[in-house]
Each structure stands twice: as C-alpha cells, then as structure tokens.
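Colleague: Take this structure, written in structure tokens, and hold onto it; I'll ask about it next.
The values are calculated or read from the model by the stated rules, or taken from the named source; none is laboratory data. As the structure is a computational prediction, the values presented were derived from the model and not from experiment. Methodologically, a virtual Cβ is constructed for each residue, glycine included, from the backbone with ideal geometry; neighbour enumeration extends over all protein chains shown. Only protein heavy atoms, including side chains, enter the accessible area calculation; ligands, DNA and RNA are left aside. Shrake-Rupley method; radii C 1.70, N 1.55, O 1.52, S 1.80 Å.
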Amino acid sequence: MTKIIIDGQEIDVPGEYSLLQACEAAGVEVPRFCFHERLSIAGNCRMCLVEVKGGPPKPVASCAQQVRDQRPGPNGEPPVVITNSPMVKKAREGVMEFLLLNHPLDCPICDQGGECDLQDQAMGYGIDEARTREYRRGVTDKYMGPLVKTQMTRCIHCTRCIRFSAEVAGVDEIGAIGRGEDMEITTYLEKAVTSELSANIIDLCPVGALTSKPYAFNARPWELRKTESIDAMDALGANIRIDSRGAEVLRVLPRVNDDVNEEWISDKTRFVVDGLGRQRLDKPYVRRDGKLKPATWQEAFDAIADRIKTTKPEAMAAIVGDLVSVEPVKALKDLMTSLGVASLDCRQDGAKIGGARASYLFNSTIAGIEEADAILLVGTNPRWEAPLINARIRKTWLRSGLPVARIGAPVDLTYDVRELGEDFSILSGLADGSHDAFQILKDAKRPLLIVGMSALSRPDGAAILAACARLAGATGMIGPEGAEGWCGFNVLHSAAARVGALDIGFLPGAGGRDVAGILDGASKGEVELVWLLGADEIDTAKLGNAFVIYQGSHGDAGAHRADVILPGAAYTEEDGIFVNLEGRVQAANRAVFPPGEARENWKIVRAVSGVLGQPLPYDDLKALRAKLVADVPHLATFDAPAGSPGADAALWGNVGAAGPIGGAPLAYAIDDFYLTNPIARASRTMAECSKLYVKRPLAVAAE
C-alpha cells in the first residue's frame, strides 16, 4: 500500500491505482468521459485533470497517472493531490468549453437527456455562452445495425465504444478515421456490429452519440418505474434493471455485479422486451370441436379436473420449460406428486444430467474463470449459449494468454482456440492421458473444463459426462491433486430455469419417464395427459392424442398444440427465484402486472390443486417459499455461489454413466442466438437481428 494525500486527507491505496481511483477511494468525485474501470486507459478527454504538488506546473490527467509514480515531498512526505484548486477548476472549465464548441444544442430531443454525463458535468464546469462564432462541425450518422442509433455530431471522441468493441466484445469493427476536428467514429464499411454484446456501447457512451434504436423517443428517465430483477434469457442470471411505464416494459439495463455479469448484458437480454407484449396469452382457452376457444378460468379448471380424474397417474406427465422461476416448478411438482405422477422432467433438450448437485453446476464460479490457466471446451459455443461467460474467457485470455482447446465444431469465439476435432471419442483418450492436450491440463495449476448442453443432450451424453468427470479427476480439476478449494468441472447451462428445477428434483421418479420417454409414450397412446409449464422447445408433433395443458405467457409451439391454455406471467411480471448456472440463488422482482386475465404461475397451479380437491399447503408466496426452503435449504441463501464440492470420490465416481462415446458430428444446441425462446420469437427486434446476423451474416447496410 502507498500513502497519498488527497485534498488534505491521507489514505493508503495500492501503488498501481491511478490518481483517479485514489481520489474515488478518498471519496472525492473526479469528472471523466473517456475513463472506464473495465477498459484500457485512453487519457484523451482531459476532463479528469488534477493538480499534483511537486509535479509539473500544470494539471495532469488523473486517469493516466499511477500513485506509485508520484514524487514525495522534500522530507519524504506522501505525494499531495489537489482536486479543487482554482487551477484545476479553470482547466476543467476550459476542457468543457472545448467539448461544447462543436456539440449540438439538441438536449430537448436527445434520448440521452436526463442520463447524460455531459449534461451533468456541464452544470458544474460549463459556461452560459460560447466565445466562438465559428460554425459547429457536422458529422454524417453511421450505420451500426438495428440496435444502435447514431448521432455522431454529438460524439466527443472518448473512444469508449472503440475500446469496448476491441477489448471486451472481441470484434475490431468500430474505429476512428481522420484527425483533430475531422476525426469520426465509424464501422469503416458501414455494416452492422457483429457482436452479441454490441449494445453495451449505448451505456458506455457519455453523450447522446450512441443511443438505443428500438427505444428511440419512447420515454424520459424520470417517467419510468425502475425495478431490480434477474435476466432469464440464459442461465447466467445477469443482474438487470427493468424500466417500465404503466403496464409496459420499455427497456432493460444492466446492474453491476462483479461476480456475475460485471456491468454488461447481452443484446438479447436488452432488446427482447418488445416480445413481452406480442403474441401474449391473456385469457384461458379450451379446445372445443377441434378449435381453441376463449373460456373462463372455471371452465378451464373443470376441463382439466375432468380429464385428470379419469386418467391414471402412470399415464400423466409434466414438463418444465426454460423461463420459469423456482416457485411454480415447486408448486407443479407438489401437485404431480400428490396425484402420484412420476413422469416429471425439466430437461427439454434431453440432457443427461441430474444427481449430485456438483455434477450439474458451474463449480469454478463465473468470476473463477479469471483464475484459470488452461481451459477445455467440450461441445459448447459459449458465445451464443452464454455471451458473458465467453467475455470472461476472452478477458482471461487477453490478460494471461492461457491455452484454450475445444472438442466440437469450430466457431469464432473471439479468442484463439486449439481445435481438437469434432469426434467426442477423443475424450476417452484425454481421460486416459494418451493425448498431448492432457499434459497441458495436467500441468496447469487451475485447469478448467466446460461441457455444454450440445454434448450432454446427445444419446451418448451420459458417457460424455462420465468421461469429462474422469478427465477432471486425472488433471487436478477435482480430487486431491487439484488446487485447494478449486473445482474446475463446469456444466454450461443455457436455460434459466434448469438449475433451480434440478435443485428441487423435478426429475423422473421411480418408474417415471424422462422427456424422451414422455414424448414416446404420448405418441404411442401410453401417456394420456401432459402438463407443459412454459415448455415450447420440445417436438409437439410427438404428443400424439394426449390431452395437453399448456401454462405459459406466449402463444408459441406449446400453446398451438394445447387442449387447455392457462395464461401465465412472464419473468418480468411475477416475483420469483432463479438459480443461475453456478448455483447462485437470486430474486427476480415483478416490474409490471400480467396482461388481461393472466395470473402468476404458482397461483394457477395452486388454484388447480383446489379444484382437484387436493389443495397445496400454501396460499401465498411467503408460505410457498417457506416450504421451498424447508425442502431445499440452500435456496434460503441468496447471492452466493455453491461451495466447492471438494474431492469427494463417491460423488465424482457416480457422475454420468459408463458407455461408448459415438463419433457422430456435433450439432450445437443453439442455432440462432436471437430466437431461442417464445419471448424472443415474438420480438420484432430479435427477428430483425436474426435475419441480419444469422441468416445473412456480414451484411452491408443498404441505406
């Protein structure tokens, strides 16, 4: 630690801190435009000027000066930094005047109004009239795709967008051309930015040069009700803020959580919101004479009760989808258990996971990726399955150059990857130590293995999982040879509901069927009733003549096949618990109410249980959560990942199942990042992104 005096206050900070960070540690706010904690230092806006005693006779950029480089006093006193002297104030006012020379006076029509760093800092350092009579410069707006709206005349050349694109997103598609007053930020060929994280530059832009195109001219910040919640578009559990007005969600922004999403979110998380209001199920439906017709709740419940009372438990089944919180899953499990139903499954894709909790978690934790020194990817495309996991891997790769290898089809992950081939039988050779990549993992102090759903949902998925566990044990990812407290065995989920449903045991009971068995039984007439709780990613054509109850928020595949539709709430419309892929329990909060007659999902299940004469033992959310915690105690601990499972030989010896691994080529579970669930498929914005980035990649703008 190094001592430094800031505005008369002596503090101890790490020597590698910049002066700006030291000022923040002392509680002194320093204005800035180009500096950002998660990006490299640019030092080009000069707004963060401070005075350093004993230093140069002029202000210095505090973001580009380290504490350890400051000169001590004549008698060895700590360096002195002043942030509020007349010299500093005059210098900052001069910088602000230069910034405003060419900035357009269009705050009333700028979408950044009310959230603009330039507005805020101009209040403190601006002047009330310009001293120049020259014409302001004008810059042609640039095309950056369907998500980012540009007004480049407002740009102050902070270069945050350039640095984010190159360093975090890993796509060198934004840069600067020209010099001085002629400098312009552009995508060079005026094409869309091909990154799943591209819209984070909207948050980074300190002025109104880059704003949200779908959100343009919709609302002002002070009109919005802000709700802290959790994202359900993937299994990461990104912390988000939902901004709504009335009954409509208008936008989603990231919240800072260094252990999960840092301060980024994917483009799907941010822009899927227009799908929340389209193709909604807002009233119950019952199929009559071959057609779905509107019905009352009582009519829908009666239709369900009549069918359940005449159906044997072994002929009934339930499948849980990817977007539901833990509470409705628990309620449905309790209802099915009370009816004697054993055919339950939450693995729509047929993934061969379950059993010990460590065998299906991301055990190293998301933040733990940064401690890894070698990574093996098995059957996963993290860039689409979890873009922020991919960004963490890239961050670690940039910092340390760690080796990354992959078994699976080659795709661009924004960092160097050694391709080991698509033949998964190579896993057996790796686990036995007969492949040269084994030694790289063996020699690493903190090796990491990430196996994805694409591998585990194959027919030989259980054998692949077992081989991964053997490899993890042989290379020190788990077991006594590994680093203390380190577990490098990770399963990368792609569904927000999956880990929570596995935790409460929504899996086949004794004699029960899994998803494949349920669909096979339905097609053969052996399964006569299937309850789909938001399950739309199954092959509904295999449901045969079964009586289908669909409970969900959108009119997607499950609703089209249903005999009874129970309109439920989307993830923004009910309080719920989500468990992310590392086992972290997080609370999502309701931002708006469900539309029409739609209701919270757990309440629907509770109401059906009452009609069936077997009411569930809870009438409110508090009682339901108490029952949930009683059955699964770790769900009471919020915002903490699961602890390291350690070297339990019995645990790791039972992961997966022995068997041959086939050589069939891999098909990734996600073939279109933008259309992975009913809400995304209802979104016009996601449809446009899919058309541009997936179906017609690298398209050049026609406008």
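Colleague: Just for region 250-272: of the residues that are aliphatic (A, V, I, L, M) and open to solvent by 20 Å² or more (accessible area, probe 1.4 Å), which one is nearest to ILE565 (Cα to Cα)?
Modeller: Filtering region 250-272 down to residues aliphatic (A, V, I, L, M) leaves 250, 252-253, 256, 260, 265, 272.
With the extra rule that they be open to solvent by 20 Å² or more (accessible area, probe 1.4 Å), the set shrinks to 253, 256.
Numbers: LEU253: 32, VAL256: 38 Å.
The extreme case among them is LEU253.
Colleague: Could you say whether any residue in region 549-572 is hydroxyl-bearing (Ser, Thr, Tyr), modelled with pLDDT of 95 or more and assigned to a strand (DSSP E or B)?
Modeller: Step one: filter region 549-572 for residues hydroxyl-bearing (Ser, Thr, Tyr), giving 550, 553, 571-572.
Narrowing the set further to residues that are modelled with pLDDT of 95 or more leaves 550, 553, 571-572.
Keeping just the survivors that are assigned to a strand (DSSP E or B) gives 550.
Checked region 549-572: at least one residue is hydroxyl-bearing (Ser, Thr, Tyr), modelled with pLDDT of 95 or more and assigned to a strand (DSSP E or B).
Colleague: Output the residues belonging to region 206-238 that are open to solvent by 10 Å² or more (accessible area, probe 1.4 Å) and closer than 21 Å to GLY368 by Cα.
Modeller: ASP234
Colleague: Further, regarding this structure: Could you say which residue among ALA591, ALA587 is surrounded by fewer than 21 Cβ atoms within 10 Å (Cβ to Cβ) and within 23 Å of the chain's Cα centre (by Cα)?
Modeller: Being surrounded by fewer than 21 Cβ atoms within 10 Å (Cβ to Cβ) and within 23 Å of the chain's Cα centre (by Cα) holds for just one of ALA591, ALA587, which is ALA587.
Colleague: Name the residue, out of ALA315, ALA351, ALA342, ALA391, that is of a type in the set (A, V, I, L, M) and more than 22 Å from ILE518 (Cβ to Cβ). Talk me through it step by step, then tell me what you get.
Modeller: Values: ALA315 fails: more than 22 Å from ILE518 (Cβ to Cβ); ALA351 fails: more than 22 Å from ILE518 (Cβ to Cβ); ALA342 fails: more than 22 Å from ILE518 (Cβ to Cβ).
Selected residue: ALA391, the only one of ALA315, ALA351, ALA342, ALA391 that is of a type in the set (A, V, I, L, M) and more than 22 Å from ILE518 (Cβ to Cβ).
Colleague: Now for a separate question. Here is a list of conditions, (1) of a type outside the set (Phe, Trp, Tyr); (2) at pLDDT 95 or above; (3) within 24 Å of the chain's Cα centre (by Cα), and VAL629 meets all of them except one; can you say which number that is?
Modeller: Answer for VAL629: the failing condition is (3).
Colleague: If you take just the strands (runs of 3 or more DSSP E) that sit entirely in region 253-331, which of them hold at least 1 residues that are of a type in the set (Val, Ile, Thr)?
Modeller: Details: elements: 285-288, 291-294, 316-320.
Those strands (runs of 3 or more DSSP E) span 285-288, 316-320.
Colleague: Return the pairs, sorted by first residue and then second, in which the second residue is open to solvent by less than 60 Å² (accessible area, probe 1.4 Å) and not in a strand (DSSP E or B), the first residue lies in region 272-288 and is within 14 Å of TYR674 (Cα to Cα) and among the β-branched types (Val, Ile, Thr), the beta carbons are less than 7 Å apart, and the residues are 6+ apart or on different chains.
Modeller: Partner pairs satisfying both residue conditions: VAL272/MET233; VAL272/ILE679; VAL272/ALA680; VAL272/SER683; VAL272/MET686.
Colleague: Please specify each residue of region 163-192 satisfying the condition of being of a type in the set (Val, Ile, Thr), open to solvent by less than 40 Å² (accessible area, probe 1.4 Å) and either over 20 Å from ILE393 (Cβ atoms) or free of Cβ contacts under 8 Å to residues at least 60 places away in the same chain (or both).
Modeller: Initially, region 163-192 is screened for residues of a type in the set (Val, Ile, Thr), giving 168, 171, 174, 177, 185-187.
Add one more test, that the residue is open to solvent by less than 40 Å² (accessible area, probe 1.4 Å), and what stays is 168, 171, 174, 185-187.
Those that are of a type in the set (Val, Ile, Thr), open to solvent by less than 40 Å² (accessible area, probe 1.4 Å) and either over 20 Å from ILE393 (Cβ atoms) or free of Cβ contacts under 8 Å to residues at least 60 places away in the same chain (or both): ILE174, ILE185, THR186, THR187.
Colleague: Give the residue, chosen from ALA570, ALA587, ALA591, ALA535, that is of a type in the set (A, V, I, L, M) and either in contact with a Leu (Cβ under 6 Å, 6 or more places away or on another chain) or without any contact (Cβ under 8 Å) to a residue 24 or more places away in the chain (or both). Before you say what the answer is, go through the steps one by one.
Modeller: Numbers: ALA587 fails: either in contact with a Leu (Cβ under 6 Å, 6 or more places away or on another chain) or without any contact (Cβ under 8 Å) to a residue 24 or more places away in the chain (or both); ALA591 fails: either in contact with a Leu (Cβ under 6 Å, 6 or more places away or on another chain) or without any contact (Cβ under 8 Å) to a residue 24 or more places away in the chain (or both); ALA535 fails: either in contact with a Leu (Cβ under 6 Å, 6 or more places away or on another chain) or without any contact (Cβ under 8 Å) to a residue 24 or more places away in the chain (or both).
ALA570 is the lone residue from the list that is of a type in the set (A, V, I, L, M) and either in contact with a Leu (Cβ under 6 Å, 6 or more places away or on another chain) or without any contact (Cβ under 8 Å) to a residue 24 or more places away in the chain (or both).
Colleague: Could you list, in sequence order, the residues of region 61-109 that are in contact (Cβ under 8 Å) with a residue 12 or more places away in the chain, loosely packed, with under 14 Cβ neighbours inside 10 Å and among the polar types (S, T, N, Q)?
Modeller: Once the filter is applied, which keeps residues that are in contact (Cβ under 8 Å) with a residue 12 or more places away in the chain, loosely packed, with under 14 Cβ neighbours inside 10 Å and among the polar types (S, T, N, Q), region 61-109 yields only ASN84.
Colleague: Which ones in region 519-532 are touching a Lys or Arg at 6+ places or on another chain (Cβ under 9 Å) and either β-branched (Val, Ile, Thr) or free of Cβ contacts under 8 Å to residues at least 40 places away in the same chain (or both)?
Modeller: Listed by number, the residues that qualify are LEU519, ASP520, SER523, VAL527.
One line per residue, one yes/no per condition, for (1) over 19 Å from GLY237 (Cβ atoms); (2) open to solvent by less than 20 Å² (accessible area, probe 1.4 Å); (3) among the acidic types (Asp, Glu):
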{"site": "MET453", "(1), (2), (3)": "no, yes, no"}
{"site": "SER457", "(1), (2), (3)": "yes, no, no"}
{"site": "ALA463", "(1), (2), (3)": "yes, yes, no"}
{"site": "ALA469", "(1), (2), (3)": "yes, yes, no"}
{"site": "GLY473", "(1), (2), (3)": "yes, no, no"}
{"site": "HIS493", "(1), (2), (3)": "no, yes, no"}
{"site": "GLY505", "(1), (2), (3)": "yes, no, no"}
{"site": "ALA510", "(1), (2), (3)": "yes, no, no"}
{"site": "GLY517", "(1), (2), (3)": "yes, yes, no"}
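Colleague: Which count do you get for residues in region 318-365 that are in contact with a Cys (Cβ under 8 Å, 6 or more places away or on another chain) and among the small types (Gly, Ala, Ser)? Spell out the reasoning first.
Modeller: Kept after step one, since they are in contact with a Cys (Cβ under 8 Å, 6 or more places away or on another chain), are these residues of region 318-365: 319-320, 329, 358, 363-364.
Checking which are among the small types (Gly, Ala, Ser) leaves us with 358, 364.
Adding up the residues that qualify gives 2.
Colleague: Of the residues ALA219, ALA235, which is farther than 22 Å from CYS161 by Cα, under 20 Å from the mean Cα position of the chain (by Cα) and in a loop (DSSP other than H, G, I, E, B)?
Modeller: Result: ALA235 is the single residue among ALA219, ALA235 that is farther than 22 Å from CYS161 by Cα, under 20 Å from the mean Cα position of the chain (by Cα) and in a loop (DSSP other than H, G, I, E, B).
Yes/no per residue for (1) over 40 Å from the mean Cα position of the chain (by Cα); (2) at pLDDT 95 or above; (3) over 30 Å from LYS395 (Cα atoms); (4) aliphatic (A, V, I, L, M):
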{"site": "THR2", "(1), (2), (3), (4)": "no, no, no, no"}
{"site": "ASP7", "(1), (2), (3), (4)": "yes, no, yes, no"}
{"site": "VAL13", "(1), (2), (3), (4)": "no, no, no, yes"}
{"site": "GLU29", "(1), (2), (3), (4)": "no, no, no, no"}
{"site": "VAL60", "(1), (2), (3), (4)": "no, no, no, yes"}
{"site": "ALA64", "(1), (2), (3), (4)": "no, no, no, yes"}
{"site": "GLY76", "(1), (2), (3), (4)": "yes, no, yes, no"}
{"site": "MET87", "(1), (2), (3), (4)": "yes, no, yes, yes"}
